[in-house]
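In what follows, a single structure is set out as structure tokens and then discussed.
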Number of protein chains: 2
Amino acid sequence: MRVKSKIWLETEDQKIIFSDGRRDLLRAIEELGSIHRAAQQMGMSYRAAWGKIKASEERLGFHLVATSAGGPRGGGAVLTEEGRSFLDKYEKFKAEANTAVDALFRSHFPDGRP
Amino acid sequence: MRVKSKIWLETEDQKIIFSDGRRDLLRAIEELGSIHRAAQQMGMSYRAAWGKIKASEERLGFHLVATSAGGPRGGGAVLTEEGRSFLDKYEKFKAEANTAVDALFRSHFPDGRP
């Protein structure tokens, strides 16, 4: 028996502000330097990826991704400083939350059995 | 900005052992004394409710619900002692986990803003 959890941030009216899915998308953009390639890697359309980023940015109140147009390889995308800093904060929170949930699971179910 | 979480118990091969949905179903059975009426209240079929209970029982290794057939009002259903005790344990764990996640959220996002 093991514990699983999904933890995310949302608005008062239950719209996703940020989640592990969006974290993965931003990490892919950081790695690949392109929303298009990040979307491909995540198995979603460019339009869907862009929509998620825009929605998070609107709800957070700052830009997560900065894009540059043109150049021989097409436009590129990088995380903004605020985006990177928010992402770090989110990941620290998530890691501590997962650790806490795992520890509580072990304290209530010490041998992993019901 | 607020934190939301879903926490559940599963097997190594990712099958649900117990979740808030099943807790609600068992609580409804406890309240209504009938799987049929509990299923109705939860907006699911009797077959679906029964299937979930059976799956949890199989994965837990004990019975959660005891049924009695016949009588003027049809068969009834009650929680077994093991079922009730497991449910209490699950709810204590869940309450503490939610409290811990909320506290960590407040420590990382003290003013509830990103």
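The values are calculated or read from the model by the stated rules, or taken from the named source; none is laboratory data. Fair warning: this is a prediction, and the values are worked out from it, not measured in the lab. Heads up, the Cβs are rebuilt from the backbone with ideal geometry, glycines too, and the neighbour counts pull from every protein chain shown.
Structural remarks
- Only a single item in (1) at pLDDT 95 or above; (2) within 13 Å of chain A (Cβ to nearest Cβ) is not met by B:V65, and it is number (2).
- From B:E81, B:E96, residue being out of contact with any His (no Cβ under 7 Å at 6 or more places or on another chain), within 11 Å of chain A (Cβ to nearest Cβ) and of a type in the set (D, E): B:E96
- Only residues that are more than 7 Å from every other protein chain (Cβ to nearest Cβ) and touching a Phe, Trp or Tyr at 6+ places or on another chain (Cβ under 8 Å) were counted in the range A:84-93, giving 1.
- Per the listing A:R59, A:R113, the residue uniquely over 16 Å from A:A28 (Cα atoms), surrounded by 15 or more Cβ atoms within 10 Å (Cβ to Cβ) and touching a residue at least 12 places away in the same chain (Cβ under 8 Å) is A:R59.
- Residue within the range B:38-46 that is of a type outside the set (G, A, S) and touching a strand residue (DSSP E or B) at 6+ places or on another chain (Cβ under 7 Å) present: no
- Conditions (1) closer than 25 Å to B:T11 by Cβ; (2) modelled with pLDDT under 95: number failed by B:K54: (2)
- So B:I16, is it surrounded by 13 or more Cβ atoms within 10 Å (Cβ to Cβ) and either away from chain A (no Cβ under 14 Å) or farther than 30 Å from B:F105 by Cα (or both): no
- Among (1) crowded, with 16+ Cβ neighbours inside 10 Å; (2) within 14 Å of chain B (Cβ to nearest Cβ); (3) closer than 29 Å to B:R106 by Cα - the single one A:G21 does not satisfy: (1)
- Taking the criterion of being within 9 Å of chain B (Cβ to nearest Cβ) and in contact with a strand residue (DSSP E or B) (Cβ under 9 Å, 6 or more places away or on another chain), the residues of the range A:99-114 that qualify are A:V101, A:L104, A:F105, A:F109, A:P114.
- Some residue of the range A:32-50 being of a type outside the set (S, T, N, Q), within 14 Å of another protein chain (Cβ to nearest Cβ) and surrounded by 16 or more Cβ atoms within 10 Å (Cβ to Cβ): no
- Residue check, A:H36 in contact with a Phe, Trp or Tyr (Cβ under 7 Å, 6 or more places away or on another chain) and farther than 28 Å from B:S107 by Cα: yes
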